[in-house]
Amino acid sequence: MGTSLPGALPEIEAVPPGSARIAQLAAPPRQPPTIALGGTALPPDERAALTERVEALDAEHAAEFGIAVQDLRTGTTFSHQSHQRFPTASVAKLTILTMLLMNAEEEGRALTEDELDRAERMIRYSDNSVTDLLYSRLGFTDGFRRHSERLGFTGTGPDAGGSWGATKTTAADQVRLLRALYTDEGPLSEDDRAHVRGLMESVAPEQAWGVSAVAAPGDTVGVKNGWTPNGSDGGTWIINSVGHVRGPDREYLVAVLSDGHPGYTQGIELVEELVTEVTEAIEATPGPRDDLAPATDPHSERGAAVGTGCPGPRQRARTTVRGGGPNSTLCQGEETRGNDPRVHHWGDGGTWMATGYSSGWFWPWSWSTRSSRAVRSH
């Protein structure tokens, strides 16, 4: 499937934190992250059922997708087409910032105030114009390729024409990147990792969809999304979401990449279906979860907790980027009228299970890593 994205997508205005897609609540005190002492795989019959559901979604939708999930508490992993390459759109911005920090650490310096300001606009508001400049400071494709090896990427490559938005990547590589940010196994210092996580955990509320669909009230979410029409594919949409969800009884790294959606809203709905189905299948799998050891590398304290506003303890919410406020949340199982401005779609999603951090598609190297609205491409 071909794609042709502009090298520098049109300038995106900074989005003020106004219309909330999800409720932002005070974050509870951060506990040290946990590391799995073992892992549990889905039993064969449950794995087969999950595989059947995700394949049914694949057959139902014209879009193509790849997903990779890792439960950091048990080491359980799940993937479906995780090695298939997709255009990144603005998901590339998370990689660019990580590589800029790698550059700075090699040079024995911190990012400048100007770089920090631009990095914040790039991640929190998905500003394209500042990304152009930061990508040039990285060294365009040469700098990207050099750092890709250190990050352990096996299916990610820059666009030969210098378009960061047309970078190709895989869901597996995006989970490797997330591990470099949310564990101590990557090339960045803890201070740099905490800085990136703080930006991901404070993105503009209008851009907090996707991975956040699996958050329960009080959970902390860090996310970077990408979305743009694919001009070479009849105007269908590229919709990507990568991030981290942490709560009292869960901690996930999630990457979903997709292309060929008939619209922006439909793409988000499918991505959220996939993420929800996979994580719920993992959580429903019986197995030991109380033998988890606290890690010595605490996560950032800066992340805001996310609450859905739904009555059930794990009841998911669907909300729009338009309007926000008390009527912007739609809870699982809730019915809506035809003119309800809230999103009203709920579904399945989910194809391969393994245990432990060393499963092949994560760590092949020595580290052991809707409704109506105005939409801009990112």
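The values are calculated or read from the model by the stated rules, or taken from the named source; none is laboratory data. Quick caveat, the model's predicted, so the values are computed rather than measured. Here the Cβ positions follow ideal geometry from the backbone for every residue, glycine too, while neighbour counts run over all protein chains shown. Ligands, DNA and RNA are excluded from the accessible area calculation, which covers all protein heavy atoms including side chains. Shrake-Rupley method; radii C 1.70, N 1.55, O 1.52, S 1.80 Å.
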Counting only protein heavy atoms and leaving out ligands, DNA and RNA, the solvent-accessible surface of residue 99 at a 1.4 Å probe, in Å² to the nearest 10, equals 0
Let me know the shape class of segment 51-195, please: from the alpha-carbon gyration tensor, a ≥ b ≥ c as square roots of the eigenvalues, rounded when a/c is under 1.5, otherwise prolate if a/b is greater than b/c, or oblate. prolate
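Assuming 0.36 nm per residue, please report the length gained on full extension of the stretch residue 109 to residue 283 beyond their Cα-Cα distance. Don't skip to the end; give the middle numbers.
Working: separation 174, 0.36 × 174 = 62.64 nm, distance 4.20 nm.
Length gained, residue 109 through residue 283: 58.4 nm.
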Treating only the Cβ of Lys, Arg, Asp and Glu as charged (+1, +1, -1, -1), what charge dipole size does segment 113-270 show about its Cα centre? Round to the nearest 20 debye. 320
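Students often check this: by mean Cβ neighbours within 10 Å, which of 155-168, 249-262 ranks highest, and how do the rest follow?
Descending packing order for the listed peptides: 249-262, 155-168.
Between residue 83 and residue 48, what FRET efficiency comes out of the Förster formula 1/(1 + (r/R0)^6) with R0 = 22 Å and r the beta carbon distance, rounded to 0.05? Walk me through the numbers before you get to the answer.
Details: r = 21 Å, r/R0 = 0.96.
Result of the calculation: an efficiency of 0.55.
Using a 1.4 angstrom probe on heavy atoms only, work out the carbon and sulfur share of the accessible area of segment 183-267 in %. Don't skip to the answer; put the middle values down first.
On the way: 890 of 1760 Å².
Solvent-exposed carbon and sulfur of segment 183-267 make up 51 percent of the total.
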What is the spin-label model distance, in nm, from residue 249 to residue 160 if the labels are put 7 Å beyond Cα along the C-beta direction? 5.2
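How much of the pair distance distribution for segment 215-260 lies past 17 Å, counting alpha-carbon pairs only, in percent? Please list the in-between numbers first.
Working: 476 of 1035 pairs.
Of the Cα pairs, 46 percent sit more than 17 Å apart.
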Per the Cα gyration tensor, segment 96-177 corresponds to an equivalent ellipsoid with semi-axes, largest first in Å, of 20, 15, 12
Could you tell me what % of all Cα pairs in segment 130-264 have separations over 22 Å? 42
Full extension between residue 184 and residue 146 adds, at 0.36 nm per residue less the Cα distance, a length in nm of 11.6 nm
